[in-house]
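> Questions regarding the structure given below will be posed in turn.
Just so you know, all these numbers are worked out from the coordinates, no wet-lab data involved. Just so you know, these numbers come straight off a predicted model, no measurement behind them. Virtual Cβ from ideal backbone geometry, glycine too; neighbours counted across all protein chains shown.
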Amino acid sequence: MLAELTVVLSDKVEAAVEARLALRDAVCAYVAVEHARGIPLAAVVQAVKKILSAAEEGVAKATDALAIQLVNWCVEFHRTGGGPSTAVLFS
């Protein structure tokens, strides 16, 4: 039973990390485009929050931590012109 749990947890953690990286990359790409268009950070953050809210419809609400992480990525990527910094890669 322990071995089974270990395999399931390992698989789920790996999938979660991959999903988080894909989410971060998507946020980075969005912020880069909006930053290049001269869109202010506040508008970018508002748009990301709206997208998150729409994605939550019909499913369990995303945790506050996820919303905070998305906003933090927006701030970081906007400040660096759209590219992730090494400090953000492991946030």
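> Using θ = phi - 60° and the Karplus relation 6.51 cos²θ - 1.76 cosθ + 1.60, list the HN-Hα couplings for the stretch 15-28 in order, rounded to whole Hz, with x at every Gly or Pro.
5, 5, 5, 4, 5, 5, 5, 5, 5, 4, 5, 5, 4, 4
> Alpha carbons only, please: Rg and Dmax for the stretch 2-89, in angstrom.
Considering the stretch 2-89 through its Cα atoms, Rg and Dmax are 15.2, 53 Å.
> Same structure, new question: Calculated FRET efficiency, R37 and N72, Cβ-Cβ r, R0 25 Å, to nearest 0.05?
With a Förster radius of 25 Å, E is 0.75.
> I would also like to ask the following. Points 7 angstrom from Cα along the Cβ direction at A22 and T63: gap in nanometres?
That separation, rounded to one decimal, is 2.0 nm.
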